[in-house]
Each structure stands twice: as C-alpha cells, then as structure tokens.
1. Kindly flag which residue pairs out of K17/K94; K65/K94; K6/K26 have an alpha-carbon separation exceeding 32 Å in this structure.
2. Taking K25 as the anchor, which aspartates and glutamates have their alpha carbon closer than 19 Å to its alpha carbon, excluding any fewer than eight residues away along the same chain?
3. Q48 to F34: extension gain in nm, 0.36 nm per residue of separation minus the Cα-Cα distance?
4. Please state the charge dipole magnitude for the range 11-109, taken about the Cα centre, from unit charges on C-beta atoms (+1 on K and R, -1 on D and E), reported in debye and rounded to the nearest 20.
5. Pairs K60/K85; K21/K96; K51/K96; K38/K96; K44/K85; K59/K96: which are spaced more than 18 Å apart, C-alpha to C-alpha?
6. Could you give me the ³J(HN,Hα) list for the range 27-40, computed from phi with Karplus coefficients 6.51, -1.76, 1.60 and θ = phi - 60°, whole Hz, x at Gly and Pro?
7. Using the Karplus curve 6.51 cos²θ - 1.76 cosθ + 1.60 with θ = phi - 60°, what ³J(HN,Hα) values do you get for each residue of the range 46-58, in whole Hz, with x for Gly and Pro?
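Only the coordinates and a few stated rules stand behind these numbers; no lab work does. Just so we're clear, the structure is a prediction, and the values are computed from it rather than from any experiment. With ideal geometry, Cβ positions are generated from the backbone for all residues, glycine too; neighbour counts draw on all protein chains shown.
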Amino acid sequence: MKAKNKNLTTFEEHLEKQYGKRGVKKREAYEQGFEAFKLGILIKQERQKMKLSQSQLAKKAHTNKSYISRIENDASDIRLSTLAKIVQQGLGGKLKISVEFEGQEAVKQTEPPRKKAA
C-alpha cells in the first residue's frame, strides 16, 4: 500500500484555499462562472459535432453569430429564452433546468410549462 503524499491536496481543498468555502461570495462567483463555461463548451461541442458554423446555428436559433460566439467563449448574461432556442431549435436538444436550495432536494424542470388552452 502506498503512503499518502502530504503535499497533495484535493480539488475541493484547492478551491477552498483559492476562493473560500461554498457560500462565500468569491466562491459562488467562481462556481457560477464555471457553470457558464461548461455550458459554452457543451454548446460548442454539439455545434461542431453537427458540423454547423456559428452563423448556421445562429440562423437556426433565430439569433446572431456574435451571441453564439459570446456564449461559447464566455457564456455570461445568457437570456433563458435565447438559450432554449439555441438548444432546442438550433441543436435539436432539450433544455433541462435544475434549481437547488440549501437543505432541500433539487427541483428540476425538464420542459417548459404548457400554456392552458382558452
């Protein structure tokens, strides 16, 4: 059995050292930025897998190329309605949203609520 290297830290320990514990403003900003980064990467990978240019995806999603580029490269301040169009109309996927509150189970919305017929 190998002895543990005392100089090694876990990723969680590294994050706590750099940004503080979860719930601290600096750490929450990091976590939010990381989630946005992951979203941009997912969209870019799927677009490339479908062999679409940013312009082609933008046209399918009824938005513009610069918006697609901004999402793929920095993904900040994304309108939920536009994100839904990109995922659903542009890439043929489903947008799933998960909301978590401290001490509660995650609440997931897999499809937008249906409008009631008049």
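1. Among K17/K94; K65/K94; K6/K26, the Cα-Cα distance tops 32 Å for K17/K94.
2. By straight Cα distance, K25 reaches E12, E13, E16, E35, D77, E100, E102.
3. Extending this stretch completely gives an extra 2.9 nm.
4. It works out to roughly 640 debye.
5. K21/K96; K51/K96; K59/K96
6. 5, 5, 5, 4, 4, 5, x, 5, 5, 5, 4, 4, 4, x
7. 5, 4, 5, 4, 7, 6, 9, 7, 4, 5, 5, 5, 4
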